[in-house]
1. What lysines does Lys15 reach when the alpha-carbon gap must be under 18 Å and sequence neighbours fewer than 8 apart in one chain are set aside?
2. Convert each backbone phi in segment 34-49 into a coupling constant with the Karplus relation 6.51 cos²θ - 1.76 cosθ + 1.60 (shift: θ = phi - 60°), then list the ³J(HN,Hα) values in order as whole Hz, x for Gly and Pro.
3. Need the full-extension length gain, Lys50 to Ile88, defined as separation in residues times 0.36 nm minus the C-alpha distance. One decimal, nm.
4. Sequence gap at least 6, Cα distance under 8 Å: using those rules, report the relative contact order of the chain to the nearest whole percent.
5. Taking a spot 7 Å from the Cα of Val63 along the direction of its beta carbon, which residues of segment 27-56 have an amide N less than 17 Å from it?
6. Solvent-accessible area per residue for the chain at a 1.4 Å probe radius, Å²?
7. What Kirkwood hydrodynamic radius do you get for the chain when you take the inverse of the mean 1/r over all pairs of distinct Cα atoms, in Å?
8. So what is the 222 nm mean residue ellipticity for the chain from helices alone, if each DSSP H run of at least 4 adds -39500 (n - 2.57) and you divide by all residues, rounding to the nearest 500 deg cm²/dmol?
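The values are calculated or read from the model by the stated rules, or taken from the named source; none is laboratory data. No experiment lies behind these values; they were computed from the predicted model shown. Cβ placement follows ideal geometry from the backbone for every residue including glycine, while neighbour counts extend to all protein chains displayed. Protein only, heavy atoms only, side chains kept; ligands, DNA and RNA dropped before computing areas. Shrake-Rupley method; radii C 1.70, N 1.55, O 1.52, S 1.80 Å.
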Amino acid sequence: WWSKETVAIVTGANKGIGLAVVKRLAELGLTVVLTARDGGRGLKAVESLKSEGLYVHFFCLDVSDPNSIAIFASWFQHAFGVVDILEIN
């Protein structure tokens, strides 16, 4: 049932398991939003995935900061509407 219309958010995804999850979901054809607290590291991770031919969205998010969460939620709702998969790292 997974397709481009299936939207996944993976937090803390600029390295390790989170990055691996993003990569696999993107390989399966899902729309994936990679989030990370550090914007530079998050953008570097996205560029690495793009160099492999994968398309991933990025948003800087600190899940311990209510303001950051509110800004992300507003952006996400406007950009995608509904989340199908949420992976928190």
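1. Lys23, Lys44, Lys50
2. Per-residue couplings from phi come out as 8, 10, 7, 5, 8, x, x, 5, x, 5, 4, 5, 5, 4, 4, 5 Hz.
3. The Lys50-Ile88 span can extend by a further 11.5 nm.
4. This gives 35 percent for the chain.
5. Under 17 Å, as judged by backbone N against the label point of Val63, lie 32-39, 42 of segment 27-56.
6. For the chain, the solvent-accessible area averages 59 Å² per residue.
7. 12.8 Å
8. Helix-only estimate at 222 nm: -14000 deg cm²/dmol.
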